[in-house]
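*Asks:* First, the structure itself, so that you have it in front of you.
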């Protein structure tokens, strides 16, 4: 049984080939095209994987894509509906792009596949999996554990921003989810924006800056912006943000709380204030993650914990042991210091019986016990 | 778990043919001589390009496509940032440490094969800061050595650690062991084999180009050993402007 896993058309396109549960080869397209974060259809990575496995495309039983385009589109629409008419300017910008590229991602993929190999039955062999399930699978299946709780924290996948999945043997199921816009990744990105760094790639710089500062504003963030419940779940007060409706991350209300305007990278110097902001968001992240990890341990009794997604892999947060209830295991593939994650294309495919389960889920909606 | 070494690898004869075609001057060493000479270059504080075996999957270089250095050197971090990677930085680099020695050098005794865990440098290897040094700000503060491993010690004494295991990457493990034999230090600086804005190198040609376009002084690709001073100066590249900054 050979499965080809693909991630493409978002960022860091990649391909992986799994044979009878073993990863034979995996590589990112950027290494071959020499174009960093290349999001193009991973033609060269696929060719490499096939060569490594010594097989042709016709030997592949299933092709798995890491994402379900329609769930994302639904999130976009519902967000704009609930924030209308304030969101119209970004709606105008975003929707045509989605209509053109994302909504028809399956068609686009089909076209790329046809270009790659005309006679292959792509649509008959194509499976889509949910973004968060891909993340969770990419951590659990290659882990050394037979059973484990899997915590995934991400900027935004489809609807889900934080999820708890339980893995046992060949099965993996999402138990709980937090939904957009309540996202620790987006909060981290908001501070990244506020301190003058590039959202989606500057998060690692904020993390690197944190040790130079004092977490002076952590209390303020927990007081005003993010409400953390006893079990670690949280709620972001949307009145401080602009990502739902505008084209920036934070608004004036956010700046007023901390007393300084957004730093303009080209003219404003980095000061102790920005280092203190970085230390503060890092402290809040660690606070939430540890609370989540402890409540997961208590609730599920799981002795093993896997971590996935950009935020969950903020490595500093997870090294605060013995505060952590279990030594966590995380895979090396997602970019670890930013919300810019690389949902590994390995996921759904790693163990065969799981594939059927994931495929079975694709038609339905994931149930959520926590909204 | 087979490690994240899931990418392309080249046969030795293929590497030699490709390097020759690129105009490289190299010697072909036995396994033992390769380890010995590379460890010596590291001990001499040279920046070493290390391309061995299969390429890693994911953003971390873990000893398959890495640039290595001596973590004891107080100038290594600055040199790697400015002359090799062409980036400004307020962060030091990450260490690779032999798994069996990790607890002696860092406050952690466990596996971190993917460079995901952060732990403080062990007390006995730290250097206390003076009040004056503590008052320094930003990059000035970082430039004050705070341990016997200054190139990999952050301002809060933390380091992002890769433990190196003999069973998953025997050649890299052998190299660090040889470096330890010469210096007593089972730790090397490990940063990805690329310059800022460039994807990590994949082929022998990529590695040679990056070597010729930066101030990496020694390059190993498989059993081929290259010294910068032996290369044709006409092949030097203005490399740092070839990639968009991230």
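The values are calculated or read from the model by the stated rules, or taken from the named source; none is laboratory data. The structure presented is a predicted model; accordingly, all values stated were derived computationally and were not measured. We place every Cβ from the backbone using ideal geometry, glycine too, and count neighbours over all the protein chains shown.
*Asks:* Return the residues of segment B:121-148 that are within 18 Å of residue A:208 (Cα to Cα) and outside any helix (DSSP H, G or I); say none if nothing qualifies.
*Replies:* Selection gives B:121, B:136, B:137, B:138, B:143, B:144, B:145, B:146.
*Asks:* Okay, next question. Please specify each residue of segment B:172-198 satisfying the condition of being out of contact with any strand residue (DSSP E or B) (no Cβ under 8 Å at 6 or more places or on another chain) and more than 30 Å from residue A:38 (Cα to Cα).
*Replies:* Within segment B:172-198, B:174, B:178, B:181, B:182, B:183, B:184, B:185 meet the criteria.
*Asks:* Among residues belonging to segment A:194-224 that are surrounded by 20 or more Cβ atoms within 10 Å (Cβ to Cβ) and touching a strand residue (DSSP E or B) at 6+ places or on another chain (Cβ under 9 Å), point out the one that is nearest to the other protein chains (Cβ to nearest Cβ).
*Replies:* Per the stated criteria, the residue is A:211.
*Asks:* Just to check your reading of the model, which residue among B:201, B:118 is crowded, with 21+ Cβ neighbours inside 10 Å, assigned to a loop (DSSP other than H, G, I, E, B) and in contact with a strand residue (DSSP E or B) (Cβ under 7 Å, 6 or more places away or on another chain)?
*Replies:* Unique residue meeting the criteria: B:201.
*Asks:* Does any residue of segment B:80-93 turn out to be in a loop (DSSP other than H, G, I, E, B), closer than 21 Å to residue B:177 by Cβ and either within 14 Å of chain A (Cβ to nearest Cβ) or touching a residue at least 40 places away in the same chain (Cβ under 8 Å) (or both)?
*Replies:* The answer is yes, given that some residue of segment B:80-93 is in a loop (DSSP other than H, G, I, E, B), closer than 21 Å to residue B:177 by Cβ and either within 14 Å of chain A (Cβ to nearest Cβ) or touching a residue at least 40 places away in the same chain (Cβ under 8 Å) (or both).
*Asks:* Kindly indicate whether residue A:156 is at pLDDT below 80, farther than 28 Å from residue B:113 by Cβ and within 14 Å of chain B (Cβ to nearest Cβ).
*Replies:* Taking the combined requirement at face value, the residue does not satisfy it.
*Asks:* If I ask for residues that are out of contact with any strand residue (DSSP E or B) (no Cβ under 7 Å at 6 or more places or on another chain) and closer than 14 Å to residue A:304 by Cα, which ones from segment A:112-141 would you list?
*Replies:* A:141 - this is the single residue of segment A:112-141 that is out of contact with any strand residue (DSSP E or B) (no Cβ under 7 Å at 6 or more places or on another chain) and closer than 14 Å to residue A:304 by Cα.
*Asks:* I'd like the residue in segment A:26-50 that is surrounded by fewer than 24 Cβ atoms within 10 Å (Cβ to Cβ) and either touching a strand residue (DSSP E or B) at 6+ places or on another chain (Cβ under 7 Å) or in contact (Cβ under 8 Å) with a residue 24 or more places away in the chain (or both) and, out of all such residues, is nearest to the other protein chains (Cβ to nearest Cβ).
*Replies:* Top of the filtered list is A:48.
*Asks:* Here are the criteria: (1) within 14 Å of chain A (Cβ to nearest Cβ); (2) in contact (Cβ under 8 Å) with a residue 60 or more places away in the chain; (3) in a loop (DSSP other than H, G, I, E, B); (4) surrounded by fewer than 23 Cβ atoms within 10 Å (Cβ to Cβ). Tell me which single one residue B:215 does not satisfy.
*Replies:* Every listed condition holds for residue B:215 apart from (1).
*Asks:* Condition test on residue B:156, is it farther than 27 Å from residue A:212 by Cβ and in a loop (DSSP other than H, G, I, E, B)?
*Replies:* no
*Asks:* Restricted to segment A:51-73, and to residues that are assigned to a loop (DSSP other than H, G, I, E, B) and surrounded by 18 or more Cβ atoms within 10 Å (Cβ to Cβ), which residue is modelled with the highest pLDDT?
*Replies:* Here the answer is A:60.
*Asks:* Hey, another quick one. Can you tell me which residue in segment B:37-56 is nearest to the other protein chains (Cβ to nearest Cβ), limited to those that are in contact with a helix residue (DSSP H, G or I) (Cβ under 6 Å, 6 or more places away or on another chain) and over 30 Å from residue A:23 (Cβ atoms)?
*Replies:* B:47
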